[in-house]
Each structure stands twice: as C-alpha cells, then as structure tokens.
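Below you'll find the structure, written out as structure tokens, and then a few comments.
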Amino acid sequence: MKILLALLWKLSKLVSILLFCTLFFIVLSAKASGGEPTILGHQLKVVLSGSMEPTFMTGSIILMEKTTPSSAFKKNDVITFRSEDILITHRIIDIKDVNGKEIYQTKGDNNNAPDPVYVTEDQIVGKYADLTVPYIGFLVNLASTKEGSTFLLVVPGILLVASAGLSIVRALREFEKAKTA
C-alpha cells in the first residue's frame, strides 16, 4: 500500500508538471505570436458556447487545421470562421456556387436554425482536425488572463517547493533513523 501511494504521488507530480509545461507553452506561444498558438499548422481553439454540443462540450479544446486559399471544404466539415470580429465554429450544412465562388451555409449542431449569413472562403480560418480534449479549455482561458497566468506560475512553484521540502524532511528522518540504529 505504501509503495502504491508513493507511485501515485510521483505520478501526480509528473502529470502536474506536464500540465504546467503544456499550459506554459500555450500561453507563451500565444503571447509571442500576438494571437492564438499555432503548432505545426494547427491551432488550439477553446469552445466557449454550447452551440456545437454534444459534438464539442463547452470548455473543451479542439484542434483546428489552419486553412489556405487552396483548402477544399465539403458538406459536414466543421470549420472555424470569422464573423464580425469573433470566431465561430460550426458545421457546413450546404454549399452554393455564386459567381464561380463557393459560399457555405453553417449551423451549430445544437442550434435550431442555420446561421443567418453564408460564409465565404476568405472568412474561414480553420477546419476541425478530429481532436477534442474536454474541460481543458477552462484552464487555457484562465491561463490567457494576467491573473490566471500569474496563478498558474505561482501555485505550481509553491507546490514544487513544498514537495522538495517534504523530500528533505523525509531524507533527514531516514538519516536520523539510520544514525540511531
């Protein structure tokens, strides 16, 4: 039992460090680029509303492949597009050809009606790349605020110092036991 608890403690420290490093990378990447972090032509987007539930739950992170002018889209593709300076992620439900250019009718999976305005190719910034991580988006949103990024840097630091302190105390106790025996 003692060995299992020690393994769980080490595993929790490893997971915490990995999570901290991942969030640190995301925040640093976003700050450096002045926008959203891009990794190998993909961007992480946080789902902020329930319009695409149950496909994407609010607070999830989704991976979007950045699009190029030569990107092709088809019915049922999930795209992220810019509309009035906000990003929206919805599903393509219809494609029309207008004067040799394709326009896309979109709809959130949880919405009752299609979006009122068609989307043009130049508005599309990404296409869903089949990766969703639930609930982590809440942490990413927190990390992107000044207070949140400070919190996410300070708290793990305090926990690491406390963990190191505990390790030193344990080592000293073991040393004292060995010395008296």
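Full extension of the segment from VAL154 to ASP97, taken as 0.36 nm per residue of separation minus the current Cα-Cα distance, would add 15.2 nm. The gain in end-to-end length when the ASP77 to TRP9 segment is fully stretched comes to 20.2 nm, 0.36 nm per residue minus the alpha carbon separation. Each of VAL161, VAL117, VAL47 was placed along the dipole of the chain (beta-carbon charges, centred on the mean Cα), and the one lying farthest toward the positive end is VAL161. The relative contact order of the chain comes to 21 percent, based on Cα pairs under 8 Å that sit 6 or more residues apart.
Of the residues GLY165, GLY137, GLY148, the one that moves most in a GNM of the chain with alpha-carbon contacts below 10 Å is GLY165. Springs between Cα atoms under 10 Å define the GNM used for the chain, and in it the highest mean-square fluctuation of ALA143, ALA171, ALA129 occurs at ALA171. In percent, rounded to a whole number, the relative contact order of segment 58-105 is 25, using alpha-carbon pairs under 8 Å and six or more apart. Here LYS146 is the anchor, and the aspartates and glutamates within straight C-alpha reach of less than 19 Å, apart from those fewer than 8 places off in the same chain, are GLU36. Just to be sure I understand: with springs between alpha-carbon atoms less than 10 Å apart, which residue in PHE138, PHE56, PHE151 has the highest mean-square fluctuation in the Gaussian network model of the chain? Top of the fluctuation ranking is PHE151.
Summed over qualifying helices (DSSP H, 4 residues or more, each -39500 (n - 2.57)) and divided by its residue number, the chain shows a 222 nm mean residue ellipticity of -14500 deg cm²/dmol.
The relative contact order of segment 43-133 comes to 33 percent, based on Cα pairs under 8 Å that sit 6 or more residues apart. Under 16 Å between alpha carbons, and skipping anything fewer than 8 positions from LYS107 in its own chain: which lysines qualify? Straight-line reach from LYS107, under 16 Å: LYS74, LYS75, LYS96, LYS127.
Count Lys and Arg as plus one, Asp and Glu as minus one, and take only other residues whose Cβ is under 11 Å from that of GLY108; the net charge is then -1.
Every number in this text was worked out from the coordinates using simple rules, so none of it is lab data. In this text the structure is predicted, and so the values were computed from the model without any measurement. Neighbour counts are summed over all protein chains in view; Cβ atoms, including those assigned to glycine, are modelled from backbone coordinates with ideal geometry.
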